[in-house]
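The values are calculated or read from the model by the stated rules, or taken from the named source; none is laboratory data. Keep in mind it's a predicted model, so treat the numbers as computed, not measured. Every residue, glycine as well, gets a Cβ built from its backbone with ideal geometry; the counts of neighbours run over all protein chains shown. For accessibility, only protein heavy atoms count, side chains too; no ligands or nucleic acids. Shrake-Rupley method; radii C 1.70, N 1.55, O 1.52, S 1.80 Å.
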Amino acid sequence: MPHTRTPAVAGWFDGEGEGEDFRLLGTRCSSCGSVFFPREDVHCRNPQCAGGTLEEVPLSRKGHIWSYTDSRYRPPSPYVSNPELPWEPYALIAVELVAERIVVLGQAAPGVTVADLTVGMEVEAVPGVLDEDAETARTIWHWRPTGVRA
């Protein structure tokens, strides 16, 4: 039986497929133009702005690696993982989205390690799975070097 796919955090991304239909979602202040991710739905976070309407905007799908590291240990609570399973290290990537003037953190796509990454490398946001049980796959985004297919 197929899993029901549900976003791990509602409203942070749109689409499940590859390509243009998968986008991270942020918000933009109509007054100062600042873009926020994770999204902001209450007030503009820019301390220099008096505030404006916050509008949902799709973020750039591609960006460049600003920094990266790897996670070699199981993080403490509230991180959720099955202690019965061995820990699988993964790479974390901070990606600069030039058009939005922000940096977005996320996991590297499965199979991508820190040995595959360099600062300045172009990466793209792709759908991924955070965890799953018998019924549900909780989806997230991953960063994958452009031109690499899973």
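Any idea which residue in region 109-136 is farthest from the chain's Cα centre (by Cα), counting only those that are surrounded by fewer than 18 Cβ atoms within 10 Å (Cβ to Cβ), among the hydrophobic types (A, V, I, L, M, F, W, C) and not in a loop (DSSP other than H, G, I, E, B)?
For region 109-136, the residue satisfying everything is Ala115.
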Go through (1) out of contact with any Lys or Arg (no Cβ under 7 Å at 6 or more places or on another chain); (2) farther than 21 Å from Arg23 by Cα; (3) free of Cβ contacts under 8 Å to residues at least 24 places away in the same chain for Trp87 and report which single condition fails. (1)
Given (1) among the hydrophobic types (A, V, I, L, M, F, W, C); (2) open to solvent by less than 30 Å² (accessible area, probe 1.4 Å); (3) more than 16 Å from the chain's Cα centre (by Cα), index of the condition Leu54 fails: (2)
Given the options Ala109, Ala91, Ala115, Ala125, name the one that is closer than 18 Å to His142 by Cβ, of a type in the set (Gly, Ala, Ser) and touching a helix residue (DSSP H, G or I) at 6+ places or on another chain (Cβ under 9 Å). Ala91
Conditions first: (1) closer than 18 Å to Ile140 by Cβ; (2) at pLDDT 95 or above; (3) assigned to a strand (DSSP E or B); (4) not β-branched (Val, Ile, Thr). Ser60 passes all but one, so which condition is the exception? (3)
In this structure, is Glu96 touching a Lys or Arg at 6+ places or on another chain (Cβ under 6 Å), modelled with pLDDT of 95 or more and not in a loop (DSSP other than H, G, I, E, B)? no
